[in-house]
1. Is the shape of segment A:116-260 rounded, prolate or oblate, going by the alpha carbon gyration tensor and its root eigenvalues a ≥ b ≥ c, with a/c under 1.5 for rounded and a/b larger than b/c for prolate?
2. Relative to the longest principal axis of the C-alpha atoms of chain B, give the angle of the C-alpha long axis of helix B:427-441, reported between 0 and 90° and rounded to the nearest 10°.
3. With a 10 Å Cβ neighbour count serving as the proxy for reagent exposure, in which order, fewest first, do A:116, B:341, B:471 appear?
4. When you count, for each residue, the other Cβ atoms within 10 Å and take the mean per peptide, how do B:60-70, B:272-282 rank with the highest first?
5. Determine which residues of segment A:159-188 fall in the zone a paramagnetic label at residue A:266 would reach in this model, i.e. backbone nitrogen under 11 Å from the point 7 Å along Cα→Cβ.
6. So how many Å³ per residue does the convex hull of the Cα atoms of segment B:487-540 work out to?
7. Can you give me the orientation-averaged projected area of the convex hull built on the Cα atoms of segment B:133-281, in nm²?
8. How high is the FRET efficiency between residue A:311 and residue B:248 when r is their beta carbon distance and R₀ equals 30 Å, given to the nearest 0.05?
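Derivation of every value follows stated rules applied to the coordinates shown; laboratory data play no part. Keep in mind it's a predicted model, so treat the numbers as computed, not measured. For neighbour counting, all protein chains shown are included, and Cβ atoms are generated from backbone atoms with ideal geometry for every residue, glycine included.
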C-alpha cells in the first residue's frame, strides 16, 4: 500500500499545480489532494485496462480476421487460471478504490469542532448566505454575475471592466471565507432541491427542503471561485451562480463582513428598494419592464387591480402597501392569477420591505 | 476439468446426437410474414414474431423521436447564447423552460420507450421462442397485451408532447415534480402503463424459459442470450412494481397533497429518491443484461468459436441481477443520506463491477484463435466491448465516495451513463438487429454501407461523449441550458459528434429499408450459428419449425461448411442432417 501511495503521488501532477489541469479544476481546498489523488489512482488503473482491452481487441481483429467459411484454429472454451486471474485482480483493485474513497469521504463528512459556520440558503434561483458573527445576510447575486458574463461575451465589457464590476458586486455579495480556516456550510433549501457545488474545492451537497445538510472545507488559496447549483431546479437552474471569495487573512474577511450587509441609507428609499430587489433575488422572478417571468412584473403594478386565488377561491384586490407586505411575508397566501405560485419566503427587514414598496411605487401606476 | 463445463472434448458425443436430431430447414411454404396478409391478422396476431416486429417498428420510431430531441438539445448547447430555442419562444424564461422540456423528453423516451423494451421486448420477443425451439411464448395473449400496453404508454408520451410537455427530468424528482405546472401526471401515467407492459413481458419470458425448453436443453446448454433474458425478466417482475407504487404516490401527492414527499407536511423528498432508484437502478440492468446476452451470441458466432467461460458469463448475469437490487443508494451520495449508508452502498457498488469485468474478459478470450468475420454485426459487437469497457471503468470513479462528491450531477455522470445505456445497451440492440435481421426479414442488408454506418456511429459516439467526461470532471453541472465560456469547446465537439452519429443512424435506417425492397434473399444460416433459430428458414414459418426440434449445442460452431454462392452455412453431411 505504501509503495502504491508513493507511486500514485508520482503519477499525479498535484504538487506543482494551482490552476486547472486537463481533467480537474484548480485544486484550492484541503480536499483537493485527496480527491485528485483518488481520481488519478482510478484513472491510471482505468487507462491500463482500457489500453489492455483495446490492444487485445485490435490485435485479435488483425490476427484472427478470416474470410467467411474459414474454421477457427481452436475451440478451447475455458481456462480456470485465467478466470481466477480476471476475477481476483479486479476484486483487489476495486477494494483498494473503495478503501481510498471511504477514507477520503469520512474526512469530508466530519467537520472539525472549531469550524466557522455559514448558512447557505438556496431558493429558485438565487443563493443567500448568512454569517454567524453579526447575522449578516448576503445575496449570491446570480443576476449580476450573469450580466457580467454576457457583457464579456458580447464585447460590451473588457476583461478589466468585468473584473472591476465583479469586485464591486462582491463587496456586498457572495460567499466569503478566510484562507486556511475550517468553514462549515449549513445548506438549506426553501422550495425545491438544489445542490451547493464549488468545483475548485471538490465539495458538493444537496440542499433538501426540510433537511439541514452540511459540508466543510478549508480554502488553501486566496482568490475568487465559482459556486454553482448542481441539482436541477427548473427554469433558472443554469443561471444560479455565485462566487466564493477566499480572503488573504482573517482581518480582510472581517473587514468585508462588517460592511457587507449594510445599506447606504442616505440614498432615496426607491433606490434602496432597487438594491433590495437585486440583492434579495426578487430580480429572478419579477421584471421591471413589463416582461413576464415566473412572477408578475413590477412595472405599473402599484395601484393596479390584481386577480388572485386564495385557498383555491378567486378574489381581487388593489395592489397597495398592505398587499405588497402580505405577499412578501406570506408569498403563497394569495397567488396572482396566471402565475404558478412558486415564491419562496424571503426574509426582509421592515426597512427593506418599506424600501421595496417605495421602489414598486416609483415604477408607476 | 469441470465435467459440467460444456467444452469441445467433453461434449462431443452429446453434440453428435444433438446435431443429428436438429431440425432440417425446409425452404418451402409461406413464412410468418406472408401466411396472412390482412391488417387485422397483424393487429390481433398472437405470433411472437409479428409482435416482436411490431415492437421493433414502435421502438425504432420512438428512437427517432428521442433522437430528434437529443439533436435539439445538442444543437442548443453548441453555444452558451440561446441558439434555437428563440425560434420557438420569445421570452427568455420560456426559452429555458423549452430546453428543460427537450432534455426531459429525450431522457424519458429513450429510457422508458426505447432501451428498456429494445432488446427484451423487440428482439427478445422475436428470438426467444426460436432459441427454445418453441412455437411461441407461454402466454401469447398476454404478450399481445404487453404490446398494446406499450402502445398505450407511448400514446401518453405523445399526448404530453402536444400538451405542455414535461420539464422534471426523466427522474421526476420531488418536490419539483409536485410543483411544476407542466404535464407531469399524463407522463407519469404513461410510465406507469409501460411498467405493466414490462412486467407482463418479464413474466411471460420466465415461464417460457422454465417450461418450454426443448428436449435435451438443460439450463447450462441454453444460449447465453436466454440467461440474459431470464435475469432481466426476474428484475422486471420484482422491481417494476416498486416504480408503479412510487409513481402512484407521486400522482396522489400532486392531486391530493398527501404529503409523503413534502417536507412542510412532515414528508421527505429524499424518500422519493430511495423509492425511485430502488426500481431505476435495477432498471439500468434491465437495459444492459440482455444487451450482454446479445453480445455473447454475436462474438461467439462471428468468431466461429465456442463461447469462452460459458458458466462464468451465465452466473455473472445472475450475479449482476442480484447485486442490482442492493446498490440503489449510490445515486444519493450527496443527498444527505447518512455517512454509514454511503459507505455501505459504495462498498456493494464495487461488487457489480466484478461480474461485468468477467464478461468482458471472456468475450475477448472467445476471439482468441477464432476465425473472425469482421462484418457489420461483429463491428457492433467489438464497438460494444470498447464502449462498455469505458462505461464500466468510468463507473468506478463514481463509486469512489470521495471522487463522487466532486463528480456527482456533472457531465461526467452524463457521459458515463450514455456509455453504458447507449454505447452498450443501444449499440448491442443495433448489433442484435443486424444479427437477426436476415432471420426476421429474409433479406440481407448491404455490408458495405453497414460497415460505414457502424464506423460513423462509433466515431460520432466517442466524439460526443469523451468531451463530456472532460468538462464534467472540470465541474460542468448537468441539465444546464447555458454555461460558462470555458466549457464551450467541449460542448461544440460534443455537438459535432452527435451529428456524425445521427448521420450513421440515418444511413442505417436507409440501407435496412432498402434491403427490404431489394436485398439479397437470406439463407437459412448466413453467419454459421448453431442455436435453433439458424435451423429454420429465413424468415421462419408461422409455427417456427417444420417438425419438433430438439436441442443443439448452441456453441458447436465448427461443423459447418460455407457455400459462397448461397452464402449459407450448412451442417457437414457427416453429421447426418442430410
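1. Numbers: a/c = 1.71, a/b = 1.08, b/c = 1.57.
Oblate.
2. Taking Cα atoms only, the helix is inclined about 40 degrees.
3. Numbers: A:116 17, B:341 12, B:471 25.
Listed from fewest to most nearby Cβ atoms, that is B:341, A:116, B:471.
4. Details: B:60-70: 18.9, B:272-282: 22.1.
Ranked from most to least packed, the peptides come out as B:272-282, B:60-70.
5. none
6. Details: hull volume 6.3 nm³, N = 54.
Roughly 116 Å³ of hull volume per residue.
7. Values: hull surface 40.4 nm².
Projected over every direction and averaged, the Cα hull of segment B:133-281 covers 10.1 nm².
8. Values: r = 26 Å, r/R0 = 0.87.
Efficiency computed from Cβ-Cβ geometry: 0.70.
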